[in-house]
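Have a look at the structure below before the remarks.
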Amino acid sequence: MKWFTPVPWQTVDCEIDLRPGGIFRTVMRSPEGEEFPSAGCYLEVFEYERLTWTDALGPGFRPARTPAGNVKECDTFGFTGVITLETQGKGTKYTAMAMHRSEADRKKHDEMGFQDGWGKALDRLVEVVRQMRAGQ
């Protein structure tokens, strides 16, 4: 919750069951106070190597449903994310990939600031790790 969303956005709720078929659920809050829930399931979990998840499936690999009623823009398309970690010298190479159902969905996600947001969230993660190592 400390790093997942780019400032000035916040992650205000999170549930993680870090295993294949386990839930990945977050609620992000915009600077204006609007909340954006998102849920999915982990497909692969290889410790210190790779995480793969999708919002096309729910916990237990069950097909996900788009919420009825007030559907947020981020709930109207699915994607599968892959984060890969590779040791490189004294550091780690972090690679993030998002696969979308269609080119239109990819463009919509880009227009929402997805790529920039992931980069800013990674910068926050690095800062959180630095603070933990420094004992702050």
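A few notes on this one:
- Additional length obtainable on full extension of the chain from Val128 to Asp116, 0.36 nm per residue less Cα span: 2.5 nm
- Sequence-distant residues sharing a close amide H with Gly22 (under 5 Å, placed H): Tyr42, Gly60
- Scanning residues 5 or more positions from Leu57 or on other chains, those with amide H under 5 Å from its amide H are Cys41, Ala64, with H placed 1.01 Å from N in the peptide plane.
- The stretch 4-21 residues near the modelled Ser38 label - backbone nitrogen below 15 Å, point 7 Å along Cα→Cβ: 4-16
- With θ taken as phi - 60° and the Karplus curve 6.51 cos²θ - 1.76 cosθ + 1.60 applied, the whole-hertz 3J(HN,Hα) list for the stretch 79-87 is 8, 10, x, 9, 10, 10, 10, 10, 5 Hz, x standing for glycine and proline.
- For Arg50, the residues whose modelled amide H falls within less than 5 Å of its own, excluding neighbours fewer than 5 places apart on the same chain, are Leu85.
- Only DSSP H runs of four or more residues enter the estimate; each adds -39500 (n - 2.57), and after division by the residues of the chain the mean residue ellipticity at 222 nm equals -7000 deg cm²/dmol.
- C-alpha long axis of helix 114-133 to longest principal axis of the chain, angle in °: 40
Laboratory data are not the source of any read-out in this text; all were calculated from the coordinates shown. Only a predicted model underlies this, so the values are computations on that prediction, with no experimental measurement involved. So basically every Cβ, Gly included, is an ideal-geometry build from the backbone, and we count neighbours across all protein chains shown.
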